[in-house]
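Structure first, commentary second.
Read-outs: derived from the displayed coordinates by stated rules, not from any lab. These numbers come from a predicted model, not from an experiment. FYI the Cβ positions are ideal-geometry reconstructions off the backbone, even for glycines, and counts take in every protein chain you see.
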Amino acid sequence: MIRTLGYGVQHPTASVAPFEFERRNPGPRDVLVDIAFCGVCHSDIHQARDEWGGSIFPMVPGHEIVGTVSAVGSDVRTWKQGDTVGVGVYVDSCRKCAACEAGEGQYCERGASWTYNGYEQDGTTPTYGGYSARITVDEDYVLRIPAGMDPAAAAPLMCAGITTYSPLRHFGVKAGDRLAVMGLGGLGHMAVKFGRALGVEVTVLSHSPGKRDDALRLGAGDFVVMRSPESFDANEKRFDFILDTVSAVHDYNEYLSLLRLDGTMMLVGIPDPSPLKASALISARRRLTGSNIGGVRETQEMLDFCAEHEIVSDVEVIPIQQINDAWERTIRSDVRYRFVIDMATLAG
């Protein structure tokens, strides 16, 4: 076992603090990654504070990982020491169910092994995430970071990037479509960038007028402040697709009215329950659907797409010692648009 330094939480009301734990030595198919950067996802906070229920403590958060391969198992052929790689939201799956065989291990019928706040496929060994010095991962769940990509700005692509890329691809968003992005945060800002690269007509829907300039800079063609019934009336049946990144409670029915005939509203945020009227769907044959992260294959596709179109996340790099303040700022939406931890500060 490898003694590893990280930052974690001991219970739902605890601050994030130094925590030592053990990683396994690389087995024949494993890769040991020295972590250079780890993004801060809002789901880190939700899970560490047990806001979704079922959290496992102690917990080391972090599933937006970029680092360098430092050791490989005897059977590993894909990776070598010195490779720059990423690790995303899950690190294993059953590999046998229909979802896994389709390359969609994130929907594993047995249950994927999440990078943290989960268990390995043995069902008993807890997983610990990227707020740490290193991680041991099966080679099949490691991602190649394209040459020349800023590793700090690439880290959030492991979650924020693939969470927005996957539904755009799966539901067939294409050049010329009219896409509304709800919310301009860690997820929304990536959706705008992807939409622009796909040749989509992007409009940002926001409650924050101060984000207009950012939305246009990122590639949106329009920005609408959604604070009044008039805003909904003026944009009724305007869009082919809506990508909803908002995790605060909101009225799905109001936003569904913005879709054209056969339009699709894709949920990637996880708000508390909100009532849904059948008429909001029936009246224009609309679809309301959801999407998780993408599989390993699709995440690699996304990374290569990002390299081709020079897309990375807008980040604020912080030392690990500022993580508690970063969490509080994340809750206040006081970041443009993703915190990333420089893990070199872990020893400081």
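Miscellaneous remarks
- When you restrict to C-alpha pairs under 8 Å that are six or more residues apart and normalise by the size of the chain, the relative contact order lands at 17 percent.
- Electrostatic tally near H250: other residues with Cβ closer than 11 Å to its Cβ, Lys and Arg +1, Asp and Glu -1, net -4.
- Computed about its Cα centre, the charge dipole of the stretch 242-348 is approximately 560 debye, with only Lys, Arg, Asp and Glu carrying charge at their Cβ.
- Overall, the anisotropy analysis places the stretch 161-290 in the rounded class: the square-rooted eigenvalues a ≥ b ≥ c of its C-alpha gyration tensor yield a/c less than 1.5.
- Between the stretch 113-187 and the stretch 198-264, the alpha-carbon center distance in angstrom: 24 Å
- Neighbours of A36, meaning other residues whose beta-carbon lies under 14 angstrom from its beta-carbon, give a summed charge of -4 when Lys and Arg score +1 and Asp and Glu score -1.
- Taking P18, P209, P126 in turn, the Gaussian network model of the chain (Cα-Cα springs below 10 Å) assigns the largest fluctuation to P209.
- Choice from L143, L303, L261 showing the highest fluctuation, given a GNM over the chain with Cα pairs closer than 10 Å: L261
- Taking amide H atoms as placed 1.01 Å from N in the peptide plane, the amide H of F223 lies under 5 Å from those of V204, each 5 or more residues away in sequence or on another chain.
- Rounded if a/c under 1.5, otherwise prolate or oblate - the chain, Cα gyration tensor axes: prolate
- Helix axis angle, 188-197 relative to the chain longest principal axis, alpha carbon, degrees: 80 degrees
- Given +1 at the Cβ of Lys and Arg, -1 at the Cβ of Asp and Glu and no other charges, the dipole of the stretch 161-290 around its Cα centre is 340 debye to the nearest 20.
- Using the Cβ of E64 as centre and a radius below 11 Å, the other residues enclosed give a net charge of 0, where K and R count +1 and D and E count -1.
- Counting lysine pairs in the stretch 161-290 whose alpha carbons fall under 25 angstrom apart, excluding pairs fewer than 8 residues apart on the same chain, gives 6.
- Shape class of the stretch 245-329 from the Cα gyration tensor (axes a ≥ b ≥ c, square roots of the eigenvalues): oblate, since a/c reaches 1.5 or more and a/b does not exceed b/c.
- Under 13 Å from the Cα of K96 - aspartates and glutamates, other chains or at least 8 residues apart: E104, E109
- Among D44, D122, D92, residue whose mean-square fluctuation peaks in a GNM of the chain (springs only between Cα atoms under 10 Å): D122
- FRET efficiency for S55 and E236, using Cβ-Cβ distance with R0 set to 45 Å, rounded to 0.05: 0.65
- The chain - share of DSSP beta bridges that are antiparallel (%, nearest 5): 55 percent
- Applying a DSSP loop filter and a limit of 11 other Cβ atoms within 10 Å to the GluC sites (Glu not before Pro) in the stretch 299-330 leaves E310.
- Furthest towards positive pole of dipole, S74, V296, S55, structure part the chain, Cβ charges: V296
- Stretching the chain fully between S333 and H309 yields a gain of 5.9 nm (0.36 nm per residue, less the alpha carbon separation).
- Helix 160-170 vs. the chain, principal-axis angle (Cα, 0 to 90°, nearest 10): 60 degrees
- Simple label model, 7 Å out from Cα along Cβ direction - R297 to E316, nm: 3.9 nm
- Once C-alpha pairs closer than 8 Å and six or more residues apart are averaged by separation and normalised to the residue number of the stretch 309-348, the relative contact order reads 56 percent.
- Counting neighbouring Cβ atoms within 10 Å and putting the fewest first, the residues C108, C159 line up as C108, C159.
- Difference of contour (0.36 nm per residue) and Cα-Cα distance, R217 to E254: 10.6 nm
- Dipole magnitude of the chain, debye to nearest 20 (Cβ charges: Lys/Arg +1, Asp/Glu -1, about Cα centre): 460 debye
- Proportion of all alpha-carbon pairs of the stretch 137-185 beyond 14 Å (%): 68 percent
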